Amino acid sequence: MKRFLFFFLSSFLIVHTAFAVRITGTVTDDKGIILPYASVFVKGTSIGTTTNNSGRYSLNLPAGSYQIVCQYVGYGRQEKTAILSSEALTLNFQLLLQQTSMKEIIVKAGAEDPAYEIIRHAIKKRKSYEEPLDSFTCEAYIKALLKTKTLPAKVLGKAFKDQDRSDLGVDSVGKGIIYLSESLTKISFKKPDKIKLEVISGKESGTNGFGFNFPTFVNFYNNNVNIFITQLSPRGYVSPIADGALNYYRYKFLGSFIEDGKEINQIRVIPKRRFEPLFSGIINITDGDWRIHSLDLTLTKDYQLEIVDTFNIRQIQAPITANIWRTQNQVVHFSFNKFGIDAAGNILNVYSKYDLGPKFKKKYFNNVVIQYDTGVNKKTMAYWDSLRPVPLETEEIADYHSKDSMYKVRHSPEYIKHQNDSLRRTEGRFSALNIFLTGVKRSDYDSARPISMTTQPLLPKLEYNTVEGLVLNGEFTLKKENKSTGNNIEIIPHVRYGFSNSHLNAWGTLNINRKQAVFDMSGGSTSRSTWSFSGGKRVSQFNQENPISPLINEIYTLMLRKNYLKIYENIFGSAEYKTRFDNGLRVAGSLLYEDRTALNNTSNFSFFGNKDKLFTPNYPFEKINAPFPRHQAVIAGLDLQFKPGQRYIEFPDNKLAIGSKYPTLAFSYRKGIPDIFGSDVNYDKWQFSVWDDLNLKLRGIFKYRFGIGGFFNTRQLFIQDFQHFNGNQTFYASEYLNSFQLAPYYANSTTAAFYATGHIEEHFNGMLTNKIPLLRNLQWNLVAGSNAFYVTRNNNYVEIFGGLENILKIFRVDVVASYLNGKTGQVGVRLGLDGLFGGFFNAALKNPGGKPPPRQ
């Protein structure tokens, strides 16, 4: 039935288009210079289009008589009559620069510019225009284009070869189109905040991708204007007609012009201060009803624009009814020149087919915000030619042709077989360089069910600690995938050898990852689950969250003779099941057996420091005064995590979570089970936590994490089973919002019936620091917050900190002041990774490979 409907609707569209008459033309100024992205529409309707970069446009209309209107920001509007019968019509426009006239105003010395009074009127009306409709639907045609002028020889240290340039579709210097896509999306809205995007069709040059499908509604009636992704500016930008706009902008009245019997006021928008999130450019306001007519506004790096260098947005609003205006088209231009990559692009949005009284079926608005049609990327070129409101450029046609042809060739069975055979031959044999420095990756390159093998390099995984001395780690991963289902199986053996204590540890892990998806005409549901089985002999930190990095520990051990890492040896076996549901619920159950053995220091080596100074014992000596006795433990675990209101993007065969306005809730329970396999433990431990990030726009981002927990049975347990608080005694910052930067590692560990933890951080994102010339030029931002835990009056900790982040876009430095157990004060400095790109590096460091599976 689904396939029948698809072919029926496609046939209907083609037949309908066949009886339409096409209007084509070019838009230029009076000197013949093309006007790219001018608006062309049928007067009194929402039917319209936009010219392409060459000033050409096309419209398909049924036979009849129409008034065709052409607009371009900064130019006078022009109307022409088009009488359509059966033959195509050429209708060109030549627009004149907007001739504005100054009102007869008596300006006294020192009087304010008349623009201010117009802006005040617009501010008063802003709220009524912000969301004037209870509900509506419309369609958005979106074309995204990204072109490069030059590309470097290397990108982030990786050579950019001729084949890479060819694959991108650029010439020898790196000039050409590297991304081109088109899409058609239906937008549905209902007050107060329900929205749904249905991606009807999408095309991406050279791939079978879905294209850039998200309509970029930039609403200047909002006080705080969001531009695409928060990375461009987490604070957002102040609208020129925001409630407090007069505190941020200066305005200059440029004159007014008459359009369709209505007076339009042209105003220049000028930021009062640099380094604030502000626009500059032109905004046109209608006289009397004080609404936005059109605008041409720009952002730059001087006004807190991140990632890209310039960002220009042009919008034209048009009446849908006598009292309702909506965005008719919008063009965004941006440029980027970093790391030797000189690029520019644009995103064109054409809105049409507005329905101001839609009838939505029951439960139409749900947790799926963006939904892709099952045939979204299966439309023919004939379909796109009949649909496309903006003619393609010559270079865009060539890009589609060459890259789509190349895609078909490269996905033919013959090419895939030839390519896979070639890849197998080029892999070659293992070399010493592979084994010690770069690692090894091999695959059979089966297109349906590939098998791959990966080994981690040995030298980067070398460790040193006082227990094992020099440590050699080996890790091997064998993986089999099923491309059609997304399921896979992994076998991961590990080997670890300590040269000082001569202990060989070996363990292995089997992961079975399964993806389930059920879809029908009304939508679908997905879930992911993992079975994980591990066993062998390993070493583990006493705190299962592994707060001490082996790399940081070896630096402190070898350079300063401070051995913070405390480990024990255990023969273990574990089984864990994890699953994730559509509604945002995650469930994990686990069972762990450990035969635990204490380890002693066996190495006294260090490069520097007082060699007569003894290393501290290899156990949490702050809490216990001797190594723990050998014992066995069987521990069952249950973990629940839920994010209410989780929203999703639904692809034809998958779902992707995109967050929620509500915080994440988590519950954890551990049960030490006695008398099974000789288990000596008997305890019950629980924990509840909640966390979230709150975007406060101009006031920055507030992050928090709070937790409570405790034991309601402590009949028998050992130091490994205590509640540990993630301390840090090194210069390198531990995990933000989940640790205590100056706290000891084990001195406050507890088996109390109740404890509480709290973490808060305020990321000001330029607020306050933009008043300090040096910091605002460097774009370093202030961060401040506090971490604390409380067990009893004699066991508690609090710290406050303030610092700077986004240093070189990567680093963060904090000054931290702490108070331990109500008695001891301390001040320290911590260096970490944070800022625009620091989070990505930090995530990579958290999963360096070669780590043993964590204790459950």
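The values are calculated or read from the model by the stated rules, or taken from the named source; none is laboratory data. The shown structure was predicted, so the numbers you read here are calculated from the model rather than taken from an experiment. We place every Cβ from the backbone using ideal geometry, glycine too, and count neighbours over all the protein chains shown. Note: areas computed on protein heavy atoms with side chains; ligands, DNA, RNA excluded. Shrake-Rupley method; radii C 1.70, N 1.55, O 1.52, S 1.80 Å.
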Quiz item: Looking at LEU717, ALA636, TYR704, which one has the Cα that reaches farthest to the positive end of the dipole of segment 608-720 (charges on Cβ: Lys, Arg +1; Asp, Glu -1)?
Solution: TYR704
Quiz item: In what sequence, highest mean first, do 633-645, 439-451, 39-51 appear when ranked by Cβ atoms within 10 angstrom?
Solution: 39-51, 633-645, 439-451
Exercise. Report the label-to-label distance for LEU246 and ARG274 in nanometres (one decimal), using points 7 Å from each Cα along the Cα→Cβ vector.
Key: 2.8 nm
Quiz prompt | Separation of the TRP691 and LYS578 label points, Cα + 7 Å toward Cβ, nm | solution = 1.4 nm
Quiz item: What net charge is computed for the residues neighbouring TYR57, neighbours being all others with C-beta under 14 Å from the C-beta of TYR57, Lys and Arg scored +1, Asp and Glu -1?
Solution: +4
Quiz item: Based on the alpha-carbon gyration tensor of segment 305-454, what equivalent-ellipsoid semi-axes (square roots of 5 times the eigenvalues) come out, in whole Å, largest first?
Solution: 45, 24, 20
Quiz prompt | Solvent-accessible area, 1.4 Å probe, carbon plus sulfur percent, for the chain | solution = 59 percent
Quiz item: How much length, in nm to one decimal, is gained on full extension between VAL813 and ILE324, taken as 0.36 nm per residue of separation minus their Cα-Cα distance?
Solution: 171.0 nm
Practice problem: As a check on your grasp of the helix formula, calculate [θ] at 222 nm for the chain: sum -39500 (n - 2.57) over DSSP H runs of n ≥ 4, divide by the residue count, round to the nearest 500. | Solution: -4000 deg cm²/dmol
Quiz item: Order of 334-341, 719-726, 547-554, 748-755 by packing, highest average Cβ count within 10 Å first?
Solution: 719-726, 547-554, 748-755, 334-341
Practice problem: Take every Cα-Cα distance within segment 15-101, group them into 5 Å bins from 0 onward, and report for each bin the whole-number percent of pairs it holds. | Solution: 3, 15, 26, 24, 16, 9, 4, 1, 0, 0
Exercise. Work out Dmax and Rg for segment 83-209 from the C-alpha atoms and quote the Rg first, both in angstrom.
Key: 25.2, 68
Exercise. Determine the shape class of segment 644-726: with a ≥ b ≥ c the square roots of the Cα gyration tensor eigenvalues, call it rounded for a/c under 1.5, and otherwise prolate if a/b is greater than b/c, oblate otherwise.
Key: oblate
Quiz item: Is there a pair in LYS186/LYS480; LYS252/LYS301; LYS362/LYS578; LYS196/LYS479; LYS186/LYS403 whose C-alpha atoms are over 31 Å apart, and which pairs would that be?
Solution: LYS186/LYS480; LYS362/LYS578; LYS196/LYS479
Exercise. About the Cα centre of the chain, how large is the charge dipole given +1 on each Lys and Arg Cβ and -1 on each Asp and Glu Cβ? Please answer in debye to the nearest 20.
Key: 720 debye
Quiz item: If you bin every alpha carbon distance in segment 376-491 into 10 Å steps from zero, what whole percent lands in each bin?
Solution: 11, 24, 23, 19, 14, 7, 2, 0
Self-check item: Using alpha carbons only: equivalent-ellipsoid semi-axes of the chain, gyration tensor based, whole Å
Solution: 57, 34, 26
Exercise. Quick one: net charge around LEU665, please, counting Lys, Arg +1 and Asp, Glu -1 for every other residue with C-beta under 13 Å from its C-beta.
Key: +1
Quiz item: Residue farthest toward the positive end of the dipole of the chain, with Cβ of Lys/Arg at +1 and Asp/Glu at -1: which of THR207, TRP507, LEU180?
Solution: TRP507
Quiz prompt | Rh by Kirkwood over Cα pairs, then Stokes-Einstein D for segment 540-635 at 1.002 mPa s and 20 °C, µm²/s | solution = 134 µm²/s
Quiz item: About its Cα centre, how strong a charge dipole does segment 151-221 have in debye, to the nearest 20, once Lys and Arg get +1 and Asp and Glu get -1 at the Cβ?
Solution: 340 debye
Practice problem: Return the FRET efficiency for the residue pair PHE754, ILE258: r is the Cβ-Cβ distance, R0 is 60 Å, and the value is rounded to the nearest 0.05. | Solution: 0.25
Quiz item: Rounded to the nearest whole Å³, what is the per residue volume of the convex hull around the Cα atoms of segment 537-579?
Solution: 90 Å³
Self-check item: Heavy-atom accessible area ranking, 1.4 Å probe, most first, across PHE279, PHE212
Solution: PHE212, PHE279
Quiz item: Got a number for the accessible area of SER484? Probe 1.4 Å, square angstrom, nearest 10.
Solution: 100 Å²
Self-check item: Cubic angstrom per residue, convex hull over Cα atoms of segment 248-370
Solution: 174 Å³
Self-check item: Those residues of segment 169-185 whose amide nitrogen sits under 18 Å from the label point placed on ILE658, 7 Å along Cα→Cβ
Solution: 182-185
Self-check item: All-pairs Cα distance distribution in segment 257-326, expressed in whole percent, bin size 5 Å
Solution: 4, 15, 22, 20, 14, 12, 9, 5, 0
Quiz item: With the other protein chains left in place, how much accessible area per residue, in square angstrom, belongs to the chain at a 1.4 angstrom probe?
Solution: 48 Å²
Quiz item: Stretched out fully, how many nm does the piece from THR81 to ASN604 gain, at 0.36 nm a residue minus the Cα gap?
Solution: 179.0 nm
Quiz prompt | Ranked packing of 582-595, 290-303, 654-667, most packed first, by mean Cβ within 10 Å | solution = 290-303, 582-595, 654-667
Quiz prompt | Between helix 115-130 and the chain: long-axis angle, C-alpha atoms, 0 to 90°, nearest 10 | solution = 70 degrees
Quiz item: With each label point set 7 Å from Cα along the Cα-Cβ vector, what nm distance links LEU458 and THR28?
Solution: 7.2 nm
Practice problem: Kindly state, as a whole number, the per residue volume in cubic angstrom of the convex hull around the alpha carbon atoms of segment 718-787. | Solution: 96 Å³
Quiz item: Quick one: helix 2-18 against the long Cα principal axis of the chain, what's the angle to the nearest 10°, folded into 0 to 90?
Solution: 30 degrees
